[in-house]
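K.L.:
Got a structure for you, questions after.
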Amino acid sequence: MEGRLTGSLQVSVHCLSPLPQRRTPALLARIWEMGHGEPIVGRKETVEIDDNGTHGHVIRVPSGFEVVEGVRLDKDYAVGKEIAGGNQGAIYELLDSKRTPTPQLLKVLKSKRMVPFTGADIGLKREWLIGQQLNKLKSKDGELHGFMGTGAALVSDGEDGMMEGLILDKVNGMPLNKRMWKDERFANARYVLEMLRQVFAALDRANRELGFVHGDMRIANIMEHRPEMETILPKGFAGKSQLKAQKHAVRDQMFKLPGDDDHRPLKFKIIDYGHSTISKRRTSQALPKVPFFDKIYHRLIGHRGDVWRLLQDLSGALDGRTWPEKDMQQVKMITGLVKEVTGVKLHAWYRAAEPAPGQKRRKLKRGLPWQRAGGFGHRIRRALIRIQAFIRPRNTKFTPSEALRYLDTYQAESVNVPAKALP
């Protein structure tokens, strides 16, 4: 069945009618009583999403539908266990018809009574429509480099059918804010540079071909992706034995970057397109209007580029770190880019390399307590750094293409230059 999305998928934000509570189990019971075998509550439709004839899929579910583990959405997907969640949404595993895990996840809305006020369903609809456009960037092997892929949308029946959820490609890892903000011992310059290159390359291509701007390019919206590892579950959704096994696995494979032997290299994926925009001229895609609360955020951040937003967030996370002395050139490349874009000069300290036999370890500057990560008063400095980058930025319009050229130029100019001679 085909339809035109803009006509068949309406989003109601004016009416706050009571929602039926937990209708799904009763609905399943009725289906079983009718003797139809394994219950399937939804039906898949193909819809046209833009004026270029681009098509996407939606799964229509009954009005008042709530996700329950074990429910079959259609002939291809069944809902597995909840593996992550918060106040506004939840993430579930998706199983195939044989009840084995698929490479997809299901993201659904929670707190539906608040949707008319928060506009969360509109944000979800924007995320789905933009995700369908990003899917056009997939390579020949079907991989969407640098972005989380977006599949079918869950939509409730009726003229005012609400966007209930999205099917997303599975991204196996943790968001970067947990790696960089919470672990004050983290200091791997190669990891940071590889992340920046992958993210800037993905943003650059999406911007050139689709006019894509993410709009909320925080490190919390970038995730590590380890395709070969078992699913990494967040705290609260994994048992003690699972958490212990994951900790060792992540530690052992954390720095398997492009060029390393063994294992597929660590990849980085951009997630959450709720604040994103695309060019209607390039995609012929009309997006729903931004929800009210999102407009406030857009007024504060929306006119600033993705590169500035990422580096502004990264500045607080990386300031005051102690790095291996051998990585000084790479660290200066990172801090130089941060200063070029945000105007913030980061403190970077170094751990002296092991001396040769018979030589003494060189002494390096240690700095004052508030200048070092974990030191007394450094949290205040972190906050001031981010405020400085916001109030007195150097270049908020720095593009992903310019950032890539900066890194390539800096690297080319610093080849064979002694570390002490670097700026």
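K.L.:
Which one of the conditions (1) at pLDDT 90 or above; (2) more than 27 Å from the chain's Cα centre (by Cα); (3) in a helix (DSSP H, G or I) does TYR350 fail to meet, given that it meets all the rest?
P.N.:
Failed condition: (3).
K.L.:
Could you count how many residues in segment 147-171 are outside any strand (DSSP E or B), open to solvent by 10 Å² or more (accessible area, probe 1.4 Å) and in contact with a strand residue (DSSP E or B) (Cβ under 7 Å, 6 or more places away or on another chain)? Give the steps one after another, and end with the answer.
P.N.:
Pass one, segment 147-171, residues outside any strand (DSSP E or B): 148-149, 157-162, 170-171.
Of the ones still in play, those that are also open to solvent by 10 Å² or more (accessible area, probe 1.4 Å) are 148, 157-160, 162, 170-171.
From what's left, in contact with a strand residue (DSSP E or B) (Cβ under 7 Å, 6 or more places away or on another chain): 148, 157, 162, 170-171.
Residues meeting the conditions: 5.
K.L.:
Then there is this: Kindly indicate whether GLY320 is farther than 20 Å from ASN207 by Cβ and surrounded by fewer than 20 Cβ atoms within 10 Å (Cβ to Cβ). Don't jump to the end; show me each part of the working.
P.N.:
Numbers: farther than 20 Å from ASN207 by Cβ: yes; surrounded by fewer than 20 Cβ atoms within 10 Å (Cβ to Cβ): no.
For GLY320, the condition - farther than 20 Å from ASN207 by Cβ and surrounded by fewer than 20 Cβ atoms within 10 Å (Cβ to Cβ) - is not met.
K.L.:
Take segment 175-215 and flag every residue that is over 17 Å from LEU266 (Cβ atoms), charged (D, E, K, R) and crowded, with 19+ Cβ neighbours inside 10 Å.
P.N.:
Across segment 175-215, the qualifying residue is only ASP204.
K.L.:
Can you name the condition, by its number, that LEU404 falls short on among (1) at pLDDT 90 or above; (2) in a loop (DSSP other than H, G, I, E, B); (3) open to solvent by less than 50 Å² (accessible area, probe 1.4 Å)?
P.N.:
Single failed check for LEU404: (2).
K.L.:
Out of the residues in segment 84-132 meeting the condition of being among the polar types (S, T, N, Q) and within 20 Å of LYS295 (Cα to Cα), tell me which one is nearest to the chain's Cα centre (by Cα).
P.N.:
GLN88
K.L.:
I'd like to know if segment 288-305 contains one or more residues that are in a loop (DSSP other than H, G, I, E, B), over 22 Å from ARG392 (Cβ atoms) and either of a type in the set (Lys, Arg) or open to solvent by less than 20 Å² (accessible area, probe 1.4 Å) (or both).
P.N.:
The answer is yes, given that some residue of segment 288-305 is in a loop (DSSP other than H, G, I, E, B), over 22 Å from ARG392 (Cβ atoms) and either of a type in the set (Lys, Arg) or open to solvent by less than 20 Å² (accessible area, probe 1.4 Å) (or both).
K.L.:
In addition: So which residues in segment 110-120 are open to solvent by less than 30 Å² (accessible area, probe 1.4 Å) and either in contact with a Phe, Trp or Tyr (Cβ under 9 Å, 6 or more places away or on another chain) or modelled with pLDDT of 85 or more (or both), if there are any at all?
P.N.:
GLY119
K.L.:
Going by what's in this entry, would LYS247 be described as of a type outside the set (Asp, Glu), open to solvent by less than 30 Å² (accessible area, probe 1.4 Å) and modelled with pLDDT of 55 or more?
P.N.:
No: the conditions fail for LYS247.
K.L.:
Would you check if LYS235 is of a type in the set (D, E, K, R), at pLDDT below 95, part of a loop (DSSP other than H, G, I, E, B) and touching a Leu at 6+ places or on another chain (Cβ under 6 Å)?
P.N.:
no
K.L.:
Specify the residue that is surrounded by the most Cβ atoms within 10 Å (Cβ to Cβ); the eligible residues are those in segment 126-143 that are free of Cβ contacts under 8 Å to residues at least 40 places away in the same chain and either in a helix (DSSP H, G or I) or among the hydroxyl-bearing types (Ser, Thr, Tyr) (or both).
P.N.:
Only one residue tops the list, namely ASN135.
K.L.:
Filter segment 320-347 down to the residues that are of a type outside the set (D, E, K, R) and not in a helix (DSSP H, G or I), then identify the one that is farthest from MET180 (Cα to Cα). Quick ask: steps written out before the conclusion?
P.N.:
So the first thing to find is which residues in segment 320-347 are of a type outside the set (D, E, K, R), and the list is 320, 322-324, 328-331, 333-338, 341-344, 346-347.
In the following step, the residues that additionally are not in a helix (DSSP H, G or I) were identified as 320, 322-324, 343-344, 346-347.
Details: GLY320: 12, THR322: 13, TRP323: 13, PRO324: 16, GLY343: 21, VAL344: 18, LEU346: 15, HIS347: 16 Å.
Residue satisfying both the conditions and the ranking: GLY343.
The values are calculated or read from the model by the stated rules, or taken from the named source; none is laboratory data. These numbers were taken from a predicted model, which means no experiment stands behind them. Positions of Cβ are backbone-derived with ideal geometry, glycine not excepted, and every protein chain shown enters the neighbour counts. SASA here: full protein model, heavy atoms, side chains in, ligands and nucleic acids out. Shrake-Rupley method; radii C 1.70, N 1.55, O 1.52, S 1.80 Å.
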